[in-house]
């Protein structure tokens with residue numbers, strides 16, 4: 001199975017400051033057609049996960065533009081330009097290029 | 001508005017069985033793959049199973065293959081997860097999720113399954 005390794009696992013941030021989460025894959029995530037099925041999810045306490053970004057960098061409708069995704073091959077990044085209080089929770093990367101679909105361990109973002 | 005509502009979560013003894021249901025509304029259900037994903041305490045998220053629009057293809061994670069069965073009823077906009085031979089390690093919150101272009105774009109609130117004697 002593809003292993004996704006997220007760093008850091010915990011990210012204390014100051015409101016208004018940026019945050020960045022890395023997701024490294026044990027295999028390349030581009031399929032034979034050049035598509036890369038790497039997504040980012042956000043889960044607030046007591047809530048189900050919510051899709052933020054799909055196929056590396058496509059922001060879901062309604063997701064603020066302070067969230068951006070980037071990367072290629074085996075290295076991917078989620079960036080938040082200015083963290084707001086609503087952004088706390090756990091962020092997961094997930095890949096669906098290779099079977100079975102797998103998730104990173106999660107990165108907990110909390111306010112300092 | 002897209003809504004997914006799970007039901008059927010319960011406390012069950014090891015070796016027991018349970019059936020989860022997920023009622024969908026607000027979209028054309030028969031046009032989408034549907035998936036089950038679980039959040040295991042202390043372990044994060046795990047994809048469990050998914051099913052094609054017409055039910056002709058089903059896939060499972062290795063640790064549940066042969067014990068869990070995913071099915072759907074397009075006439076009633078529902079997807080199900082039949083779980084048998086349950087183990088302590090199956091304890092989790094189970095979510096159903098709509099799957100679009102291999103992304104889980106909508107999630108239910110989840111159903112808690114606890115396997116314990």
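When the range A:25-40 is limited to residues that are more than 9 Å from chain B (Cβ to nearest Cβ) and assigned to a strand (DSSP E or B), the one that is farthest from residue B:103 (Cα to Cα) turns out to be A:25. Does residue B:9 count as free of Cβ contacts under 8 Å to residues at least 24 places away in the same chain and outside any strand (DSSP E or B)? Against the criterion (free of Cβ contacts under 8 Å to residues at least 24 places away in the same chain and outside any strand (DSSP E or B)), residue B:9 does not qualify. Does residue B:48 count as touching a helix residue (DSSP H, G or I) at 6+ places or on another chain (Cβ under 7 Å), touching a residue at least 40 places away in the same chain (Cβ under 8 Å) and in a strand (DSSP E or B)? Considered against the rule, which asks whether it is touching a helix residue (DSSP H, G or I) at 6+ places or on another chain (Cβ under 7 Å), touching a residue at least 40 places away in the same chain (Cβ under 8 Å) and in a strand (DSSP E or B), residue B:48 comes out as no.
Looking at the range B:58-82 only, could you name the residues that are over 18 Å from residue B:37 (Cβ atoms) and in contact with a strand residue (DSSP E or B) (Cβ under 9 Å, 6 or more places away or on another chain)?
As a first pass, look at the range B:58-82 and keep what is over 18 Å from residue B:37 (Cβ atoms): B:66, B:73-77.
Within the range B:58-82, B:66, B:73, B:76, B:77 qualify.
Taken together, the residues in the range A:53-64 that are in contact with a strand residue (DSSP E or B) (Cβ under 7 Å, 6 or more places away or on another chain) and either facing another protein chain (nearest Cβ under 10 Å) or part of a loop (DSSP other than H, G, I, E, B) (or both) amount to 7.
For residue A:22, state whether it is more than 12 Å from the chain's Cα centre (by Cα), crowded, with 16+ Cβ neighbours inside 10 Å and in a strand (DSSP E or B). Break it down stepwise before answering.
Numbers: more than 12 Å from the chain's Cα centre (by Cα): no; crowded, with 16+ Cβ neighbours inside 10 Å: yes; in a strand (DSSP E or B): yes.
Considered against the rule, which asks whether it is more than 12 Å from the chain's Cα centre (by Cα), crowded, with 16+ Cβ neighbours inside 10 Å and in a strand (DSSP E or B), residue A:22 comes out as no.
Please verify whether the range B:71-82 includes one or more residues that are within 14 Å of chain A (Cβ to nearest Cβ), surrounded by fewer than 16 Cβ atoms within 10 Å (Cβ to Cβ) and either without any contact (Cβ under 8 Å) to a residue 40 or more places away in the chain or not in a strand (DSSP E or B) (or both). No: the range B:71-82 contains no residue that is within 14 Å of chain A (Cβ to nearest Cβ), surrounded by fewer than 16 Cβ atoms within 10 Å (Cβ to Cβ) and either without any contact (Cβ under 8 Å) to a residue 40 or more places away in the chain or not in a strand (DSSP E or B) (or both). So, residue A:83, is that one in a loop (DSSP other than H, G, I, E, B) and crowded, with 18+ Cβ neighbours inside 10 Å or not? Spelling it out, residue A:83 is indeed in a loop (DSSP other than H, G, I, E, B) and crowded, with 18+ Cβ neighbours inside 10 Å.
Could you tell me whether the range B:107-115 includes any residue that is at positive phi, surrounded by 14 or more Cβ atoms within 10 Å (Cβ to Cβ) and in contact with a strand residue (DSSP E or B) (Cβ under 7 Å, 6 or more places away or on another chain)? Let's see the steps before the verdict.
At the first step, the residues of the range B:107-115 found to be at positive phi are B:110.
From what is left, the residues that are surrounded by 14 or more Cβ atoms within 10 Å (Cβ to Cβ) are B:110.
Filter once more, keeping what is in contact with a strand residue (DSSP E or B) (Cβ under 7 Å, 6 or more places away or on another chain): B:110.
Yes, that holds for at least one residue.
Scanning the range B:83-100 for residues being in contact with a strand residue (DSSP E or B) (Cβ under 7 Å, 6 or more places away or on another chain) and outside any strand (DSSP E or B) gives a total of 5. A single member of B:35, B:56, B:63 is within 14 Å of chain A (Cβ to nearest Cβ), part of a loop (DSSP other than H, G, I, E, B) and either surrounded by 18 or more Cβ atoms within 10 Å (Cβ to Cβ) or at pLDDT 95 or above (or both), and it is B:63.
Considering each of A:17, A:43, A:101 in turn, give the residue that is surrounded by fewer than 21 Cβ atoms within 10 Å (Cβ to Cβ) and at the interface with chain B (Cβ under 10 Å from one of its Cβ atoms). Outline the logic, then answer.
On the way: A:17 fails: at the interface with chain B (Cβ under 10 Å from one of its Cβ atoms); A:101 fails: surrounded by fewer than 21 Cβ atoms within 10 Å (Cβ to Cβ).
Result: A:43 is the single residue among A:17, A:43, A:101 that is surrounded by fewer than 21 Cβ atoms within 10 Å (Cβ to Cβ) and at the interface with chain B (Cβ under 10 Å from one of its Cβ atoms).
Here residue A:72 fulfils each of the conditions (1) touching a residue at least 24 places away in the same chain (Cβ under 8 Å); (2) closer than 25 Å to residue B:92 by Cβ apart from (2).
The values are calculated or read from the model by the stated rules, or taken from the named source; none is laboratory data. Everything numeric in this text was worked out from a predicted model, so none of it was measured. Quick reminder, even Gly has a Cβ in these numbers, built from the backbone with ideal geometry, and neighbours come from all protein chains shown.
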